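The values are calculated or read from the model by the stated rules, or taken from the named source; none is laboratory data. As the structure is a prediction and not an experimental result, all values here were calculated from the model. A quick note on method: Cβ atoms are made from the backbone with ideal geometry, for glycine too, and the neighbour counts reach across all protein chains shown. Heavy atoms of the whole protein, side chains included, go into the accessibility calculation; ligands, DNA and RNA do not. Shrake-Rupley method; radii C 1.70, N 1.55, O 1.52, S 1.80 Å.
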Amino acid sequence: MKKAANKLAAILDGNRWSSISVSILSILLSLICASIVLLVLGKNPLVAFQSFLQGAGFLPKANYGGGSGMLSDLFTFLNLLAPMILAALSFIVGFKAGLFNIGISGQMLTSGFLATAIVGYSGLDAVIAKPLVIVIGIVAGGLLGAFIGFLKYKFNIHEVVSTIMVNYIVNYLTGFFINTYFADPLTRSMRICSSEARLTWMDVPLGGVACDIPLGIVLAVLAALIVKFIFDKTVFGFELRAVGMNARCAKYTGIKVGNRIVLSMVLAGMLAGLAGVTYYCGYYNTIVPKTLPDLGYDAIAVALLGNSSPIGAIFAGALIGIFQTGSNYMSSSLGVAREIASLITGILLLFSACGGYFRYLAHRRMERLADEAAQLAKEQTTAESGKEDTPHAG
């Protein structure tokens with residue numbers, strides 16, 4: 001047991017595999033906790049996790065409705081994965097610069113509302129409407145992010161406070177306009193945008209089933225590669241990371257800290273805006289008044305679980321996306337409330353946030369082992385010296 005703990009500590013404290021191993025440990029601990037909850041409810045955890053995979057299209061179901069199949073479930077999963085990745089990238093960009101952007105939901109709602117209101121009912125052809133929706137999402141999210149960054153730079157208003165307040169403002173302001181001008185008389189939600197403006201090709205026959213093919217997944221993967229390139233290969237990305245590590249030191253070296261804070265929030269807002277249009281004009285295609293998207297908060301768990309890495313966010317988003325899209329089938333199969341998926345996401349967020357603490361514990365254990373090894377070597381050297389100094393009899 002002790003040897004296994006030492007081996008685990010060595011892996012968690014290693015430079016090469018530390019980020020991956022901490023994420024895997026967080027996932028395993030989350031699954032163990034979720035399994036305990038399911039066992040308390042009298043359900044088999046293995047069957048529950050299998051049903052999550054079946055609902056997300058990774059395993060076949062026992063039966064399907066007319067016109068649907070495993071492939072259609074998989075594309076539904078990809079439809080949700082796209083805004084999940086983009087929202088996680090938004091958090092990562094701010095987090096790298098030392099900012100905690102919890103205004104992703106408000107930025108998503110703003111961009112989704114404006115894109116739907118301006119383009120969704122315009123009657124424009126798809127060739128014009130779809131790119132215009134993307135542009136509106138980028139601009140609207142970027143402007144809102146710039147406003148948050150300006151408040152931080154000019155008045156030193158903490159981004160957590162300002163984003164919370166902006167979330168409330170956006171939530172009730174869009175709710176007012178939806179209820180007044182854009183509400184569907186039956187559902188009381190915002191009227192859906194036209195198929196020409198929607199960032200999902202609906203009911204495409206593929207493999208004998210009707211699939212909803214998301215355009216946003218291409219944007220999400222491309223955005224992840226661009227963000228990775230910015231942080232790994234550009235001076236701008238290096239300056240953002242420098243500001244996030246130590247703003248005073250970065251300022252001393254000549255980096256314009258205020259400028260970089262504003263630009264980081266602009267970039268974060270642009271990514272959140274893309275997440276908003278791929279969510280509201282793609283996956284969901286309507287807006288419930290006075291309701292912020294939970295995905296904006298789930299993205300924090302995705303970013304932390306992915307170790308604040310753009311590529312890691314893709315895999316972490318896929319994991320959480322499986323729980324989100326597979327929750328309905330799991331609920332109907334096992335008779336468990338679908339909110340168990342949100343519980344698992346919350347547990348993942350909890351253990352992901354403890355990643356730094358896991359590394360700290362591993363580092364302390366490795367230091368203690370090193371001290372013990374050094375002390376043992378010293379005692380052996382002393383003992384050997386004592387033997388050499390002892391006079392031989394005769």
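Near ILE178, within a Cβ-to-Cβ distance under 10 Å, what is the net charge of the other residues, with Lys and Arg +1 and Asp and Glu -1? My count for the surroundings of ILE178 gives +2.
Legend: calculated FRET efficiency, ALA5 to TYR172, from the Cβ-Cβ distance at R0 = 35 Å, rounded to 0.05, equals 0.10.
Determine, for each peptide in 357-367, 289-299, the mean count of other beta carbons within 10 angstrom over its residues, then list the peptides with the highest first.
Working: 357-367: 15.4, 289-299: 20.6.
Result, highest mean first: 289-299, 357-367.
Computed over the chain, the per-residue total of -39500 (n - 2.57) for DSSP H runs of n ≥ 4 gives a 222 nm mean residue ellipticity of -23500 deg cm²/dmol, rounded to 500.
As I understand it, the value is the acute angle between the Cα axis of helix 159-177 and the longest principal axis of the Cα atoms of the chain; what does it come to in degrees, rounded to 10? With rounding to tens, the tilt is 20 degrees. Expressed as an acute angle from 0 to 90° and rounded to the nearest 10, what is the orientation of the C-alpha long axis of helix 355-389 relative to the principal long axis of the chain? The two axes meet at around 10 degrees. Ordering of 215-222, 370-377, 175-182 by packing is 215-222, 175-182, 370-377, highest average first (other Cβ atoms within 10 Å, averaged per residue). Note on the range 220-253 and the range 182-209: Cα centroid distance 38 Å, given to the nearest whole angstrom.
Grab the eigenvalues of the alpha-carbon gyration tensor for the range 90-211, scale each by 5, take roots, and send me the semi-axes largest first in whole angstrom. It would help to have the intermediate numbers written out before the result.
Details: eigenvalues 192, 68, 35 Å².
Values for the range 90-211, descending: 31, 18, 13 Å.
Rolled with a 1.4 Å probe across the full set of protein chains, the surface gives LEU8 an accessible area near 80 Å². Annotation: the range 120-167 has a Kirkwood hydrodynamic radius of 12.5 angstrom, from the mean reciprocal C-alpha pair distance. Counting only heavy atoms of the protein chains and using a 1.4 Å probe, SER352 has close to 10 Å² of accessible surface.
Please grab the % of Cα pairs in the range 18-126 that end up more than 20 Å from each other.
Values: 3972 of 5886 pairs.
Tail of P(r) above 20 Å: 67 percent of Cα pairs.
Ordered from largest to smallest accessible area (heavy atoms of protein chains, 1.4 Å probe), the residues GLU196, GLU384, GLU239, GLU159 come out as GLU384, GLU196, GLU239, GLU159. Considering every alpha-carbon pair of the range 273-394, the percent of pairs per 5 Å bin, from zero through the bin containing the longest distance, is 2, 9, 11, 13, 13, 10, 7, 5, 5, 4, 4, 4, 4, 3, 3, 2, 1, 1, 0, 0, 0. Using a 1.4 Å probe over the heavy atoms of the protein chains, calculate the carbon and sulfur portion of the accessible area of the range 1-158 as a whole percent. Taking all protein chains in place, the range 1-158 shows 71 percent carbon and sulfur surface. Partner lysines whose Cα lies under 17 Å from the Cα of LYS152, excluding those fewer than 8 positions away in the same chain, are identified as LYS96, LYS251, LYS256.
For the chain, the solvent-accessible area with a 1.4 angstrom probe is 50 square angstrom per residue.
Projecting the Cα atoms of TYR280, GLN50, ALA10 onto the dipole axis of the chain, where Lys and Arg carry +1 and Asp and Glu carry -1 at the beta carbon, places ALA10 farthest toward the positive end.
Is there a quick way to get the dipole size of the chain? I mean about its Cα centre, with the Cβ of Lys and Arg at +1 and of Asp and Glu at -1; what is the value in debye to the nearest 20? Write down the numbers at each step before the final one.
Details: 28 positive and 20 negative charges, 115 e Å.
Magnitude of the dipole: close to 560 debye.
Using heavy atoms of the protein chains and a probe of 1.4 Å, the accessible area assigned to ARG338 is about 100 Å². In the chain, the longest principal axis of the Cα atoms and the axis of helix 18-40 are about 70 degrees apart. Here the range 267-316 and the range 55-93 have alpha carbon centers that stand 14 Å from each other. Its alpha carbons considered, the chain gives a radius of gyration followed by a Dmax of 25.4, 111 Å. For the chain, a Gaussian network of Cα nodes joined below 10 Å ranks GLY137, GLY69, GLY317 by mean-square fluctuation, and the top entry is GLY69.
For ASP232, ASP184, write out the residues from largest to smallest accessible area, computed with a 1.4 angstrom probe and no ligands counted.
On the way: ASP232 90, ASP184 45 Å².
Output order, biggest surface exposure first: ASP232, ASP184.
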